[in-house]
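Here the structure is laid out as structure tokens; the discussion comes afterwards.
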Amino acid sequence: MSSNDQKHKFNMKDSNAEAKKKSLKLLKDVFQSPGQLDKIEHHKRTVIRNKPSVEGFFRLSFGSEPCIQSEKTLERCLKEAQEIGQSLKHAINTFPKVEVLYGGLNELREENMRHSQYVTARENLKHIFTVPESVERTEKWINEGKLLHTHQCLRDLENSRDALLYELHRLPNQSTFDKNMLSACFKDVEVLSVKLEKQLKLILSRTLNTVRKEPTVIVTALRIVEREEKLDEEAQLHKEKTSFSRPGRPKEWRKMAFEVFEKAVATRIEGTQVDERENNKMWLVTYLELTRQLILEDLRVVKTLCVPCFPEKYNIVDAYVRMYHNCLRRHLQEIIQNGLEGNEYVSILSWTLNTYKSEELMGHPDLARSTQNLEPLLPDGVLETLQQKYLKNIEKDYTEWLGNAISQEKLEWMSTNDPAIETTRATVPVVIYQMIHQVLSVTQTISQDITNKAFIVSIEQVLKYGEQYKEAIIEYRNKLLEDRNQVMHFTYHMITIVNNCKEIIDIGEQLKKFYWKPNHNQQISAIKTFPVYFDELRKESSKYLLDEVFMDVSKHFDDLFTPRWIGNNIPVDTICATFDDYFQDYNRLLETNLEEVISEAKMSVAKRYITAMLSKKMAFKTFDECQKAAAQIVKELDQFKRVFDAIAHQIRDEDENLETITTLTEVLKAQDDMISFDLHNIVEKYPNITEDHLLRLLFLRGDLPKSDLKEKVVFAMKSAKPKIGDGKNVFDDLKFTTLLGKLNL
């Protein structure tokens, strides 16, 4: 084996080892994680696909005469490398000669520049000499409305001017004189451009009217605008390449067109306001309705007639929707800033939140795509301010109305005229209902949220009215107690007051059921307080109602349990007759109020009767006198019951307070050995009875040894239990100025 063969064999072994090493490294890199083992088949297929191409390469490189081909390839590469080296040396030797050559070509470059300028001047010569004629012709076409001809001529003039100015711009030493001379020559071109722009503005400002009759006029104007936009783009590209700025560019006539459209829209919206507040109180309602009709009709024209005339990229429907929205937004805010009055707040809130969004305007199905990205017509801050001002106005109106209602009530209370004569004036509950219903029915046209807020304001104001009403009632009652002569019709008016309180509660519930739709963000403390407050006022007023009747019967209660009382029915007969007379008027009370008054009357009768019984006016000396007194008490008690039953008719309630008198009477009936039992019974039924009360009761038994009275009472009180609950009876408020606890019995 030759040395070359041995060397070749050695190299092949090294190559195989190197190949295996690289293959192993490749496999390690490819299959770094267990998850990549799933891709073995994929890599296997890739290698199989590449194998034929690799084998072909080796067959080509190491065919029948691999060594000879490799040697020829190396010789060819060496030869090419030597040629490239020679070329580089030649280029390097040539570079110093380029600078000398460049300097020698200065005259040629200057000549070429002059030649270029002459060519440009010759091409634009006819325009230079015919500028006045072209300007005159262009002005004529503008006046005649031949806008396309106008624009063509204007563009030729501008191209000539710009070409000449560009050639001056290319000169190394630019001549200011030449520039000024060219500018003076083409000075009327800029004037023509301005005139054409004004003419386009005039046409575009009338787009919605013109497109109905002569859509071609709009199309022509838009074609000119688009051509100018294209020229603006070309001028910008030319500037980026050459730093030359064409005079008057960019014109931005598309932007100008949209500014004209928006200004025209603003004018149409503002022009819809035909009335002022001084001339027409409904001016805002009229304006908003006319605006709605205008916008809807204009957008219909845009969608049906403008779309075919405008380039698609204008998105003209979306553009006009946005312009009407923004212009109306600004104008409404101007109206708001100028100040609103009364129901104008309602009109603008209702129209903004409801009408504007409805199918009657921007909510129309044909406009759905164009309106989906619009911001609210009025900002949230403006809407909130409007709502607050409107609610303040409502509050102010309530204060005025309800204040007048109380003043009118107080005048009627003190009037000497017969109140039973029918009048046409509405009662207080009717006034309150009408006020609240009127306010809430209006707010419902705006939104449920503001209706809830208005309802809360209404309830709060009626509560404030209730506080003033209560003060007025107390003042009225005090005047009765001071001097009955200055209060002529107390009972009649108090019946009305008691009924009013109940009706106000009912009205509040009705309005709440109809208008109130609560949510978690709103405070309802006033709503909860409302019925409780007026129910307490109703009960308090029911007590005041009885003041006059008890003023009449007070002296007859004083005659009870006196020496002249025994066998005398006159005091109780008078009391019953007086009650019967007053309750003829009390029948005007609502059923619930009548029940309350009857219950309060029974309580007061029982309290006054027991007070007379325990006032230590007399004592019955014998058991027989005690029996007679007990019989008279039972008889008078039955008489009271019959009177109340006759008054109440259909109302039947427990006579618990009157039955207290029966229980106390058992002490008068009882034998000495049963008195303690009756006392225990009393203490058990009335845990709030006091030792003083029992002593006063036993004082009526003049037939008992006084030394035993205290002992019996103390023994009975030992069995007393604590009072449970808050149930009231006559003993709660039954107190005497002197106590008998230390009385020497």
Notebook entry, point to check: What is the distance, in nm, between label points placed 7 Å from the Cα along the Cα-to-Cβ direction at GLU475 and at GLN86?
Noted result: 12.9 nm
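Going by average Cβ density within 10 Å per residue, which order do the peptides 681-689, 211-219 take, highest to lowest? List each step's numbers first, then the result.
Details: 681-689: 17.4, 211-219: 14.4.
Highest mean packing first, the order is 681-689, 211-219.
Suppose R0 equals 45 Å; then what is the FRET efficiency for ASP673 and ILE566 from their Cβ-Cβ distance, rounded to the nearest 0.05? Don't skip to the answer; put the middle values down first.
On the way: r = 26 Å, r/R0 = 0.57.
E between ASP673 and ILE566, to the nearest 0.05, is 0.95.
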Notebook entry, point to check: Taking a quarter of the surface of the convex hull around the Cα atoms of region 529-594, what do you get in nm²?
Noted result: 5.5 nm²
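Given a Förster radius of 25 Å and the C-beta distance between ASN485 and THR578 as r, what FRET efficiency does 1/(1 + (r/R0)^6) yield to the nearest 0.05?
On the way: r = 19 Å, r/R0 = 0.75.
For R0 = 25 Å, the calculated efficiency reads 0.85.
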Note to self: Could you check the spin-label model distance between ASN315 and GLU111? Points 7 Å from the Cα along Cα→Cβ, value in nm.
What the structure shows: 6.0 nm
Checklist line | Histogram of C-alpha separations across region 198-277, 5 Å bin width, % | finding: 3, 14, 19, 17, 14, 11, 9, 6, 4, 2, 1, 1, 0
Item checked: For region 411-490 versus region 331-392, the gap between their alpha-carbon centres in whole angstrom -> 35 Å
Notebook entry, point to check: Label 7 Å along Cα→Cβ of GLU341; region 280-323 residues with amide nitrogen under 14 Å?
Noted result: 280-285
Margin query: Given bins 10 angstrom wide, list per bin the percent of all Cα-Cα distances in region 423-568, short to long.
Written below: 10, 32, 25, 16, 9, 5, 2, 0
Check: Using the Cβ atoms and a cut-off under 14 Å, what net charge is assigned to the surroundings of CYS626, where Lys and Arg are +1 and Asp and Glu are -1?
Finding: -2
Item checked: If the convex hull is drawn through the Cα atoms of region 356-495, its volume per residue in Å³ -> 120 Å³
Next item on the list: Report the convex hull volume per residue for region 249-393, counting only C-alpha atoms, in Å³.
Entry: 127 Å³
Item checked: Net length gained if the chain between GLN152 and LYS718 were fully extended (0.36 nm per residue, minus Cα distance) -> 191.4 nm
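May I ask which of LYS357/LYS517; LYS602/LYS685; LYS195/LYS313; LYS602/LYS635; LYS543/LYS628; LYS517/LYS539 have a Cα-Cα span longer than 24 Å here? Write out the running numbers ahead of the final one.
Working: LYS357/LYS517 22 Å; LYS602/LYS685 18 Å; LYS195/LYS313 27 Å; LYS602/LYS635 16 Å; LYS543/LYS628 34 Å; LYS517/LYS539 30 Å.
Check vs 24 Å cut-off fails for LYS195/LYS313; LYS543/LYS628; LYS517/LYS539.
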Checklist line | Residue-span extension gain [ARG642 to VAL219] - 0.36 nm each, minus C-alpha spacing | finding: 142.2 nm
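When every alpha-carbon pair in region 562-635 is counted, what percent end up more than 13 Å apart?
On the way: 1999 of 2701 pairs.
Summing the P(r) of region 562-635 above 13 Å gives 74 percent of all pairs.
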Checklist line | Size of region 432-510 as Cα extents on the principal axes (Å, biggest first) | finding: 53, 18, 15
Next item on the list: Along Cα→Cβ, 7 Å out, is where each label goes; now give me the distance between the ones at GLU297 and THR385 in nm to one decimal.
Entry: 3.3 nm
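Considering only the other residues whose Cβ falls under 14 Å of the Cβ of LEU367, what net charge follows from Lys and Arg at +1 and Asp and Glu at -1? Present the calculation step by step, with values, prior to reporting the outcome.
Values: positive: ARG292, ARG300, LYS303, ARG322, LYS357, ARG369; negative: GLU297, ASP298, ASP318, GLU359, GLU360, ASP366.
Net local charge, LEU367 excluded: 0.
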Checklist line | Convex hull volume per residue in cubic angstrom - Cα atoms of region 374-446 | finding: 82 Å³
Check: Can you list, bin by bin at 10 Å, the percent of alpha carbon pairs in region 503-648, starting at 0?
Finding: 9, 32, 23, 16, 10, 6, 3, 0
Item checked: Within-11-Å neighbourhood charge of GLU341 [Cβ basis; K, R +1; D, E -1] -> +2
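Using r as the Cβ-Cβ distance of GLU684 and ARG588, and R0 as 30 Å, what FRET efficiency do you calculate, to the nearest 0.05? Don't skip to the answer; put the middle values down first.
Numbers: r = 41 Å, r/R0 = 1.36.
According to the calculation, E is roughly 0.15.
We did not get these values from a lab; they are worked out from the coordinates using the rules stated. The structure presented is a predicted model; accordingly, all values stated were derived computationally and were not measured. Quick reminder, even Gly has a Cβ in these numbers, built from the backbone with ideal geometry, and neighbours come from all protein chains shown.
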